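S.K.: After the structure tokens below, expect a handful of questions from me.
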Amino acid sequence: MSTTAVSKAEQIIERERQHVLPVYTRYPVVLERGEGVWVYDVEGRRYLDLIGGIGVNALGHAHPRMVKVIQEQCAKLIHISNLFYGEYQGELADKICGLSGMDRAFFTNSGTEAIEGTLKVARAAGQRKSGPAKCKLVALDGSYHGRSYGALSVTGQEKHRKGFEPLLSDVTFVPFNDVNALRATVDHNTCALILEPILGEGGIRSITPDFMRAARNLTEAHDAVLIFDEIQCGLGRTGSLFAYQELGIKPDALAIAKPIAGGLPMGAFLVRKSLADVISPGKHGTTFGGGPLACRAALEYFAILEDERLLENVKRVGGYLRKQFENLTREFSIVKEPRGVGMIQALELSIPARPIVEEAIQEGLLINSTQDTVLRVLPPFILQEQHVDEAISILRKLLRKASDKH
């Protein structure tokens, strides 16, 4: 390890400490480049990346086709605004609507903005149907939908909302997977029920089929909008393009983001035809959303998924990963249970998870922790069994060490 390289990393970290708003608890690693499932820091050290930019880098790093398309489009057009038509926005909307079974798309810069759009659509639809009283929003305890005011208002974790009140009014949270509580809450004044099919930041916990069916039935009965947040669990991460497709239950509005443009900032919300006209021209918009660079990259993302049959790989290697997590659960008493499917999985521990994450970094493995005791992985879809074996070898070593202490 050279003195120069260490100095460069320290300079970068110190510059951020001096000038960047201190809202992130970063790990002391300065990443410089990536290739496939690997990333490299400024000292040249290699890491197996199983967190993938928190689910963004589904194709891994520097996928040759993504690099080529982005380079070509940068030389043509990066931004034109939504005052004019571009070549790719309509094509991408057609592609996503066809794959999802939805009818209209709106492109944003992030998942949080996609959530904001769905909330606006839901409240506009409620007022059009029944007037101002139909504005109640129902969400789940433990959920996470973003950090802007609307998204934060429906995030069911007090630690995120605390200190920013008052948020949106008329928001009610129900216990996770509690069908009776849901039935007692959704009523004629409810304009929307929002949920994640798999809670991401909430610890990789799946909604039960019974709860999903109740959600669909209740929103239909009360003429409310059923919103699915698939920002983390969608676009292939479960092995199906959309998580809800595995349950056979279709939402009225859908928020997506994370891997959609191969790492470029992009999100979208999709709606059924019945909601397509509730927001009139001038009532919603974006400067950067749906630009030619991001849309062209997103089209290539979907093409790569199909051409490389990556959803099949997600199912196969994800199943292998799940079996290895189950083995760790049987092997170590500090591992309470494995959760998740495909390339969205976790281990619930009986001890704090962050120390293990920090030690894993030292061993050349990138994962992360959520909900204090959960080890979470969101690997690239190109992950192979040998990569899983390498990660499990590291985790087994660290869990054995932690077990010895407890």
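The values are calculated or read from the model by the stated rules, or taken from the named source; none is laboratory data. Everything numeric in this text was worked out from a predicted model, so none of it was measured. Using ideal geometry, Cβ is built from the backbone for each residue, glycine included, and neighbour counts are taken over all protein chains shown.
S.K.: Name the single residue that is farthest from Leu119 (Cα to Cα) among those in the stretch 228-270 being surrounded by fewer than 23 Cβ atoms within 10 Å (Cβ to Cβ) and either among the charged types (D, E, K, R) or under 9 Å from the mean Cα position of the chain (by Cα) (or both).
M.R.: Glu246
S.K.: How many residues are of a type in the set (D, E, K, R) and buried (at least 19 other Cβ atoms within 10 Å of the Cβ) if we restrict to the stretch 368-393?
M.R.: Our first condition is that a residue be of a type in the set (D, E, K, R); within the stretch 368-393, this holds for 372, 376, 385, 389-390.
Cutting the leftovers down to buried (at least 19 other Cβ atoms within 10 Å of the Cβ) gives us 376.
Final tally of qualifying residues: 1.
S.K.: Quick test of your reading of the structure: Gly290 fulfils all but one of (1) crowded, with 22+ Cβ neighbours inside 10 Å; (2) assigned to a helix (DSSP H, G or I). Name the failing condition by number.
M.R.: (2)
S.K.: Taking the conditions exactly as written (in a helix (DSSP H, G or I), assigned by TED's automatic domain parsing to the domain that holds Ala105 and surrounded by fewer than 20 Cβ atoms within 10 Å (Cβ to Cβ)), does Phe302 satisfy them or not? First the steps, then the outcome.
M.R.: Numbers: in a helix (DSSP H, G or I): yes; assigned by TED's automatic domain parsing to the domain that holds Ala105: yes; surrounded by fewer than 20 Cβ atoms within 10 Å (Cβ to Cβ): yes.
Considered against the rule, which asks whether it is in a helix (DSSP H, G or I), assigned by TED's automatic domain parsing to the domain that holds Ala105 and surrounded by fewer than 20 Cβ atoms within 10 Å (Cβ to Cβ), Phe302 comes out as yes.
S.K.: Given the structure, is Val29 farther than 18 Å from Gly262 by Cβ, in contact with a Phe, Trp or Tyr (Cβ under 8 Å, 6 or more places away or on another chain) and either part of a helix (DSSP H, G or I) or not acidic (Asp, Glu) (or both)?
M.R.: Values: farther than 18 Å from Gly262 by Cβ: yes; in contact with a Phe, Trp or Tyr (Cβ under 8 Å, 6 or more places away or on another chain): yes; either part of a helix (DSSP H, G or I) or not acidic (Asp, Glu) (or both): yes.
Against the criterion (farther than 18 Å from Gly262 by Cβ, in contact with a Phe, Trp or Tyr (Cβ under 8 Å, 6 or more places away or on another chain) and either part of a helix (DSSP H, G or I) or not acidic (Asp, Glu) (or both)), Val29 qualifies.
S.K.: So, one more: Residues in the stretch 88-97: is at least one within 19 Å of the chain's Cα centre (by Cα), of a type in the set (S, T, N, Q), surrounded by 18 or more Cβ atoms within 10 Å (Cβ to Cβ) and not assigned by TED's automatic domain parsing to the domain that holds Ala9?
M.R.: For the stretch 88-97, residues within 19 Å of the chain's Cα centre (by Cα), of a type in the set (S, T, N, Q), surrounded by 18 or more Cβ atoms within 10 Å (Cβ to Cβ) and not assigned by TED's automatic domain parsing to the domain that holds Ala9: absent.
S.K.: Within the stretch 125-160, restricting attention to residues that are out of contact with any strand residue (DSSP E or B) (no Cβ under 9 Å at 6 or more places or on another chain) and polar (S, T, N, Q), which residue is nearest to Thr370 (Cα to Cα)?
M.R.: It comes out as Gln157.
S.K.: Quick check on Leu321: is it more than 15 Å from Gly111 (Cβ to Cβ), surrounded by 22 or more Cβ atoms within 10 Å (Cβ to Cβ) and at pLDDT 95 or above?
M.R.: Working: more than 15 Å from Gly111 (Cβ to Cβ): yes; surrounded by 22 or more Cβ atoms within 10 Å (Cβ to Cβ): yes; at pLDDT 95 or above: yes.
Considered against the rule, which asks whether it is more than 15 Å from Gly111 (Cβ to Cβ), surrounded by 22 or more Cβ atoms within 10 Å (Cβ to Cβ) and at pLDDT 95 or above, Leu321 comes out as yes.
S.K.: Scan the stretch 63-79 for residues that are surrounded by 14 or more Cβ atoms within 10 Å (Cβ to Cβ), out of contact with any Leu (no Cβ under 8 Å at 6 or more places or on another chain) and part of a loop (DSSP other than H, G, I, E, B) and report the count.
M.R.: 1
S.K.: Could you list, in sequence order, all residues of the stretch 221-236 that are in a loop (DSSP other than H, G, I, E, B) and over 22 Å from Thr155 (Cα atoms)? Spell out how you get there, then give the answer.
M.R.: Looking only at the stretch 221-236, we keep the residues that are in a loop (DSSP other than H, G, I, E, B), and these are 222-224, 230-236.
Answer for the stretch 221-236, where residues must be in a loop (DSSP other than H, G, I, E, B) and over 22 Å from Thr155 (Cα atoms): His222, Asp223, Gly236.
S.K.: If only one of Phe242, Phe228 is among the aromatic types (Phe, Trp, Tyr) and in contact with a strand residue (DSSP E or B) (Cβ under 6 Å, 6 or more places away or on another chain), which one is it? Lay out the reasoning, then the answer.
M.R.: On the way: Phe242 fails: in contact with a strand residue (DSSP E or B) (Cβ under 6 Å, 6 or more places away or on another chain).
After applying the criteria, what remains is Phe228.
S.K.: Then there is this: With respect to Ser100, determine if the residue is out of contact with any helix residue (DSSP H, G or I) (no Cβ under 6 Å at 6 or more places or on another chain), among the polar types (S, T, N, Q) and surrounded by 14 or more Cβ atoms within 10 Å (Cβ to Cβ).
M.R.: yes
S.K.: Hey, another quick one. Which of the helices (runs of 4 or more DSSP H) found entirely inside the stretch 116-196 contain at least 2 residues meeting this: closer than 25 Å to Asp277 by Cβ? Don't jump to the end; show me each part of the working.
M.R.: On the way: elements: 149-153, 158-161, 179-185.
Hits in the stretch 116-196: 149-153.
S.K.: Hey, another quick one. Which of the residues that make up the stretch 128-150 are among the polar types (S, T, N, Q) and without any contact (Cβ under 8 Å) to a residue 40 or more places away in the chain?
M.R.: Ser148, the sole residue that qualifies.
S.K.: Please indicate, with yes or no, whether at least one residue in the stretch 14-37 is more than 30 Å from Ala298 (Cβ to Cβ), surrounded by 12 or more Cβ atoms within 10 Å (Cβ to Cβ) and hydrophobic (A, V, I, L, M, F, W, C).
M.R.: Checked against the condition, which is being more than 30 Å from Ala298 (Cβ to Cβ), surrounded by 12 or more Cβ atoms within 10 Å (Cβ to Cβ) and hydrophobic (A, V, I, L, M, F, W, C), the stretch 14-37 yields no hits at all.
S.K.: Now a separate question. Kindly indicate whether Arg339 is touching a residue at least 40 places away in the same chain (Cβ under 8 Å), over 19 Å from Arg237 (Cβ atoms) and among the basic types (Lys, Arg).
M.R.: When the stated conditions are applied, Arg339 does not pass them.
S.K.: Considering only the stretch 100-116, I want to know if a residue exists there that is outside the structural domain of Asp372 (by TED's automatic domain parsing), free of Cβ contacts under 8 Å to residues at least 60 places away in the same chain and of a type in the set (Gly, Ala, Ser).
M.R.: No, the stretch 100-116 has no match at all.
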